Amino acid sequence: MMPRTLRHSRHERWLANTPCVPRSEMRTWLTGRGSLTARIRARCDAFEVRVLQQRLGLPLPDERRLIGLRWHASALVREVLLCADGVPVVFAHSVVLPQHLRGAWHLVAGLGTRPLGAVLFADRSVQRGQLHLKALDARDPRWQRAIAASGVAPNGALWARRSVFKRAGRPLLVTEVFLPTLPRLFK
Ligand SMILES: C=C(O[C@@H]1C=C(C(=O)O)C=C[C@H]1O)C(=O)O
């Protein structure tokens, strides 16, 4: 029997398979492998990236292994809100090792309010790994930061997805938390 600290109960795992997501438009948004920026842009008149922070910080414990970060080491953490016609619809949290900002991920360093997707999907050398999904509840710091930053009234768990992008073998972890306002963009 694994010790409690290592045992992941269902609510603590990110799931690769999609049956966990009810058949709906939400499933299309969660599992689409194209640019989320492009999908939002196509469904609103004014798209905006509101940068909340882009600085060295500690990634969350469940992120370290995915980007090969030693325990207690810092990474570049970028958090933004993607807004459609002035309304936040996605909270995004991206993590990359600082040393890769001088190399493979140099374009991230000076990104500013340009969407990360504009970099990722314009470069054929960038490879996206598998998407993993999770329903985040109020105990998760990503849920807490998404709700606090967006000012959107919470109504339970928030669907999130994450994947590792690689350029020259260097990982960049992107997590996207879908806010309750997203359905305004559904067809
Ligand atoms: C990865 C993409 O870029 C989006 C923009 C981000 C940013 O500007 O930090 C982060 C994650 C994405 O929601 C995308 O468009 O699919």
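The values are calculated or read from the model by the stated rules, or taken from the named source; none is laboratory data. Please read these numbers as outputs of a predicted model, since none were measured by experiment. With ideal geometry, Cβ positions are generated from the backbone for all residues, glycine too; neighbour counts draw on all protein chains shown. In case anyone asks, the SASA skips ligands and DNA or RNA and just uses the protein heavy atoms, side chains included. Shrake-Rupley method; radii C 1.70, N 1.55, O 1.52, S 1.80 Å.
Got a sec? Which of Arg170, Arg128 is within 13 Å of the ligand (Cβ to nearest atom), open to solvent by 30 Å² or more (accessible area, probe 1.4 Å) and either under 17 Å from Gly117 (Cα atoms) or not hydrophobic (A, V, I, L, M, F, W, C) (or both)?
Arg128
Go through region 81-125 and count every residue that is aliphatic (A, V, I, L, M) and more than 9 Å from the ligand (Cβ to nearest atom).
Matching residues across region 81-125 total 12.
Looking at this structure, is Arg33 part of a loop (DSSP other than H, G, I, E, B) and under 17 Å from Phe165 (Cβ atoms)?
Yes.
On the basis of being in contact with a Ser or Thr (Cβ under 7 Å, 6 or more places away or on another chain), over 19 Å from Trp29 (Cα atoms), within 13 Å of the ligand (Cβ to nearest atom) and open to solvent by less than 60 Å² (accessible area, probe 1.4 Å), does Leu179 make the cut? Step through it out loud before you land on a result.
Values: in contact with a Ser or Thr (Cβ under 7 Å, 6 or more places away or on another chain): yes; over 19 Å from Trp29 (Cα atoms): no; within 13 Å of the ligand (Cβ to nearest atom): yes; open to solvent by less than 60 Å² (accessible area, probe 1.4 Å): yes.
No, not satisfied.
For region 137-167, enumerate the residues that are away from the ligand (no atom under 16 Å from the Cβ) and among the small types (Gly, Ala, Ser).
Scanning region 137-167 gives Ala138, Ala148, Gly151, Ala153, Gly156, Ala157.
Let me spell it out: the conditions are (1) within 12 Å of the ligand (Cβ to nearest atom); (2) open to solvent by 20 Å² or more (accessible area, probe 1.4 Å), and Lys134 meets all of them except one. Which number is the exception?
Exception for Lys134: condition (1).
Does region 33-46 hold any residues that are more than 10 Å from the ligand (Cβ to nearest atom) and touching a residue at least 40 places away in the same chain (Cβ under 8 Å), and which are they?
Answer for region 33-46, where residues must be more than 10 Å from the ligand (Cβ to nearest atom) and touching a residue at least 40 places away in the same chain (Cβ under 8 Å): Arg43, Cys44, Asp45, Ala46.
Any chance you could count how many residues in region 65-80 are under 22 Å from Arg128 (Cα atoms), away from the ligand (no atom under 16 Å from the Cβ) and of a type outside the set (A, V, I, L, M, F, W, C)? Walk me through how you get there before you give the answer.
At the first step, the residues of region 65-80 found to be under 22 Å from Arg128 (Cα atoms) are 65-69, 75-80.
After this cut, where a residue has to be away from the ligand (no atom under 16 Å from the Cβ) as well, the list is 65, 68-69.
Those left that are additionally of a type outside the set (A, V, I, L, M, F, W, C): 65, 68.
The qualifying residues number 2.
Please go through (1) in contact with a strand residue (DSSP E or B) (Cβ under 8 Å, 6 or more places away or on another chain); (2) at pLDDT 90 or above; (3) away from the ligand (no atom under 12 Å from the Cβ) for Asp62 and return the number of the only condition it doesn't satisfy.
(1)
Just checking, how many residues over region 68-108 are farther than 17 Å from Ala160 by Cβ, out of contact with any Asp or Glu (no Cβ under 7 Å at 6 or more places or on another chain) and either open to solvent by less than 30 Å² (accessible area, probe 1.4 Å) or free of Cβ contacts under 8 Å to residues at least 12 places away in the same chain (or both)?
16
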